[in-house]
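Colleague: Below you will find the structure I want to go over with you.
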Amino acid sequence: MRVLVAVKRVVDYNVKVRVKADGTGVDLANVKMSMNPFDEIACEEAVRLKEAGIATEVVAVCCGAAACQETLRSAMAMGADRGVLVESDADLQPLAVAKLLQAVANKEAPQLVLLGKQAIDDDSNQVGQMLASLMGWPQATFASKVVLGGGVATVTREIDGGLETLELKLPAVVTSDLRLNEPRYATLPNIMKAKKKPLGILKPSDLGVDVSPRLATLTVAEPPRRAAGVRVPDVKQLVDKLRNEAKVLP
Amino acid sequence: MSVLVVAEHDGASLKSATLNTLGAAARLGGELHVLVAGASCGAAAAAAGQVAGVSKVLQAEAAHYADQGAENLAALVLAQAGAYTHIVLPATSFGKNLAPRVAARLDVAQISDIVSVLAADTFVRPIYAGNALATVKSGDAVKVITVRTTAFEVAGQGGTAAIAAIAPGPDLGLSRCVGRELTKSARPELAAAKIVVSGGRGMGSAENYSRLLDPLADKLNAALGASRAAVDAGYAPNDYQVGQTGKIVAPQLYLAIGISGAIQHLAGMKDAKVIVAVNKDPDAPIFQVADYGLVGDLFELVPQLAAELG
Ligand SMILES: Cc1cc2nc3c(=O)[nH]c(=O)nc-3n(C[C@H](O)[C@H](O)[C@H](O)COP(=O)(O)OP(=O)(O)OC[C@H]3O[C@@H](n4cnc5c(N)ncnc54)[C@H](O)[C@@H]3O)c2cc1C
Ligand SMILES: Nc1ncnc2c1ncn2[C@@H]1O[C@H](COP(=O)(O)O)[C@@H](O)[C@H]1O
């Protein structure tokens, strides 16, 4: 069976972003970009399914500017068989991405689509659920374990109170949480091999998808800064300050 | 304008996140309805009717709503959606799972994790782990929204809304819940607690985590939390994780013990009123947000602190 994995190119998680002085967004000039960490986890899971003989082909999909080819090469260096770039310079919001992925899924007919639970730039946590909804498929978000067999996916999810296990009819959508696996580092030979793997490029118009944004960003601002704190020399003074200065203890 | 809040509940009562969500929904103006769906949720529906500002409760009962699966619930919400300009859920694992499914079928954007309502179509939401706040305006006919619960006061009591039974949708049979392991704790709920004691990798082991932090949390009647590193290492259960991709907390007092203060962790707790950090590294970034910093070995300081609290 074929597995599709959606990977997004985002600002690297180690970068502390700065809001632009004119309030139009965050400054992305000369900032390190990487694959969204949750998507690395999704990609790792897909590759493991292939190594286990359950998946026959892993196809990585990315929607965005031409530079996303790099992200797809990273996915192929991890072990994805080929890549599909839906190329667009537009501001692709989650609904648009979900529609693009729907169109790709309709072409590729996967049994499973793996995504990250959340892109760490927009922090939306939407695309997987939207895709499942548009396809009319079941979903398991925030997955920490995925087992496939007998036409079903058995998925353990991290929910607010603990863990939940769902059985989904395939085809299905699964979004990864942090503890699903630990993604591998691509080896140099695999990075070289990835350069020769097929990478198809489509445009939103080829897929008949209108990607116009639905949300207009009016301003982007810095969050309020916390006032500088103080060091306290010992526990006694800490408790005294919490009681008498901050008044958060009786 | 008419607003539908989809309640998160356990059948018997509303989750506190629902009350914060109702607090946010009240700011939108217009009529306020609540949908309560479950296998047996009469008590939760009655509780929703008593919330101030709610004018109607829609109650749907069917066995296939027992596990609150997103597929069946989304279909139920969609069947009601035509009557509303806003559909609002808490940004909890329940709401995040469900809201985008509804929005996609309505062909509208979903607005995640709002922290402020500026107008019925304009909202503020954090992006980049809370390092920026975006003000967004929706051009869609229906606004599907999730609410960061810590940013809104809980709605008050005193409502007398009528409860209307609505017809459940069919069981789509797409997925089935086959198990649940919920963390049992007598402590306050993490996301709503007044005091949170969180431990990080510095705790060193699961045994140390509970040996040192349990007595402290007991004395403070606090909820326990953890960094991702502590959860990954198995010191604490997954639902203790505070941060960008864990729980968001905004207690009166947050104690970060053996936590370095990575941006992903700060994203989950920097709206606490007072932050205390205990760390042996004087340069740990957590001290940049801490109101009170105590530099030293947590293995000495935490027992001292528990003792000092009497
Ligand atoms: C996609 C993504 C999402 C993430 N989401 C989250 C999230 O939601 N929440 C989260 O917390 N993290 C998250 N992280 C991880 C985050 O980047 C950090 O790795 C993590 O927060 C570090 O946890 P820590 O502070 O416990 O560990 P460390 O960074 O290792 O810090 C341990 C601290 O303990 C101190 N220490 C050690 N021994 C002692 C002692 N005896 N006494 C006193 N102090 C001591 C050390 O000085 C150090 O500062 C995420 C990362 C990624 C990539
Ligand atoms: N532009 C994109 N291209 C490919 N996948 C994406 C894109 N945007 C989001 N995704 C996928 O959807 C997940 C959730 O993203 P979001 O809903 O934006 O938080 C990500 O972890 C990716 O797997």
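Colleague: What does DSSP give for the stretch B:31-150 in terms of the percent of beta bridges that are antiparallel, rounded to the nearest 5?
Modeller: Of the beta bridges lying entirely in the stretch B:31-150, close to 40 percent run antiparallel.
Colleague: With a 1.4 Å probe and every protein chain left in place, work out the accessible area per residue of the stretch B:112-222 in Å², rounded to a whole number.
Modeller: Value returned for the stretch B:112-222: 46 Å² of accessible area per residue.
Colleague: Still on this model: Please find the FRET efficiency linking A:ALA216 to B:ALA52, where r is the Cβ-Cβ separation and R0 is fixed at 25 Å, and quote it to the nearest 0.05.
Modeller: Efficiency, from the Cβ-Cβ distance: 0.15.
Colleague: Hey, another quick one. Looking at the protein assembly as shown, send over the antiparallel percent of its DSSP beta bridges, to the nearest 5.
Modeller: Approximately 35 percent, going by the DSSP bridge assignments.
Colleague: Need the full-extension length gain, B:SER205 to B:ASP107, defined as separation in residues times 0.36 nm minus the C-alpha distance. One decimal, nm.
Modeller: 30.5 nm
Colleague: Return the whole-Å distance between the Cα centroid of the stretch B:261-299 and the Cα centroid of the stretch B:140-158.
Modeller: Each part's Cα centre sits 30 Å from the other's.
Colleague: Right, next: Per residue of A:131-142, count partner chain C-beta atoms within 10 Å of its C-beta, then hand back the mean as an integer.
Modeller: Taking all residues of A:131-142 together, the mean is 6.
Colleague: In addition: Tell me what the protein assembly as shown gives for mean residue ellipticity at 222 nm when only DSSP H runs of n ≥ 4 count, each as -39,500 (n - 2.57), the sum divided by the residue total, rounded to 500 deg cm²/dmol.
Modeller: Dividing the helical sum by the residues of the protein assembly as shown leaves -8000 deg cm²/dmol.
Colleague: Another question about this same structure. May I ask you to compute the full-extension gain from A:ARG225 to A:ASN30, defined as 0.36 nm times their residue separation minus their alpha-carbon distance, rounded to one decimal in nm?
Modeller: Gain on stretching A:ARG225 to A:ASN30: 67.7 nm.
Colleague: Whole-Hz Karplus ³J(HN,Hα) for the stretch A:3-17, in order, using 6.51 cos²θ - 1.76 cosθ + 1.60 and θ = phi - 60°, x for Gly and Pro?
Modeller: Once θ is set to phi - 60°, the couplings for the stretch A:3-17 become 10, 9, 10, 9, 10, 10, 8, 9, 4, 4, 5, 7, 7, 8, 6 Hz.
Colleague: Taking 35 Å as R0, compute the FRET efficiency from the Cβ-Cβ separation of A:ILE201 and B:LYS137 and round it to 0.05.
Modeller: So the FRET efficiency works out to roughly 0.60.
Colleague: Using packing as a proxy for protection, rank A:171-179, B:66-74, B:130-138, A:117-125 so that the peptide with the highest average count of other Cβ atoms within 10 Å comes first.
Modeller: The packing order, highest mean first, is A:171-179, A:117-125, B:66-74, B:130-138.
Colleague: At what distance in nm do the modelled label points of B:LEU118 and B:ARG180 sit from each other, each positioned 7 Å from its Cα along Cα→Cβ?
Modeller: 3.9
Colleague: Could you derive backbone 3J(HN,Hα) for the stretch B:110-116 from the dihedral phi with the Karplus parameters 6.51, -1.76 and 1.60 (θ = phi - 60°), listing whole Hz in sequence and x where the residue is Gly or Pro?
Modeller: Karplus values, whole Hz, x for Gly and Pro: 10, 9, 8, 6, 5, 10, 7.
Colleague: Next question. Go ahead and collect, in residue order, the members of the stretch A:51-66 whose backbone nitrogen is under 20 Å from a label point 7 Å along the Cα-Cβ direction of A:THR187.
Modeller: It comes to A:51-53, A:58, nothing else.
Colleague: Given contacts defined as C-alpha pairs under 8 Å and at least six residues apart, what's the relative contact order of chain B, whole-number percent?
Modeller: For chain B, the relative contact order is 14 percent.
Colleague: Also, I was wondering about something else. Just to be sure I understand the model, the point goes 7 Å from the Cα along the line to the Cβ. What's the resulting B:ASN221 to B:GLU189 distance in nm?
Modeller: 1.7
Colleague: Now, a different point. If we sort B:112-123, B:187-198, A:225-236 on the protection proxy, mean other Cβ atoms within 10 Å, highest first, what's the order?
Modeller: The densest-packed peptide leads the list: B:187-198, B:112-123, A:225-236.
Colleague: Still on this model: In whole Hz, with x marking every Gly and Pro, tabulate ³J(HN,Hα) for the stretch A:179-192 from phi via Karplus 6.51 cos²θ - 1.76 cosθ + 1.60, θ = phi - 60°.
Modeller: Karplus values, whole Hz, x for Gly and Pro: 9, 5, 5, 10, x, 6, 8, 6, 7, 4, x, 6, 5, 5.
Colleague: If you don't mind, another one. Which of the residue pairs A:LYS32/A:LYS241; A:LYS20/A:LYS145; A:LYS20/A:LYS117; A:LYS20/A:LYS107 have a Cα-Cα distance greater than 31 Å in the structure shown?
Modeller: As for pairs spanning more than 31 Å Cα to Cα, those are A:LYS32/A:LYS241; A:LYS20/A:LYS145; A:LYS20/A:LYS107.
Colleague: Considering only DSSP beta bridges where both residues belong to the stretch A:96-183, give the percentage that are antiparallel (nearest 5).
Modeller: 65
Colleague: Using modelled amide H (1.01 Å from N, peptide plane; none on Pro or chain starts), what sits under 5 Å from the amide H of A:LYS20, excluding residues fewer than 5 places away?
Modeller: A:GLY25, A:VAL26, A:ASP27
The values are calculated or read from the model by the stated rules, or taken from the named source; none is laboratory data. Keep in mind the model is a prediction, meaning the values are calculated, not measured. Using ideal geometry, Cβ is built from the backbone for each residue, glycine included, and neighbour counts are taken over all protein chains shown. Remember, those area values only see protein heavy atoms, side chains included, never the ligands or the DNA or RNA. Shrake-Rupley method; radii C 1.70, N 1.55, O 1.52, S 1.80 Å.
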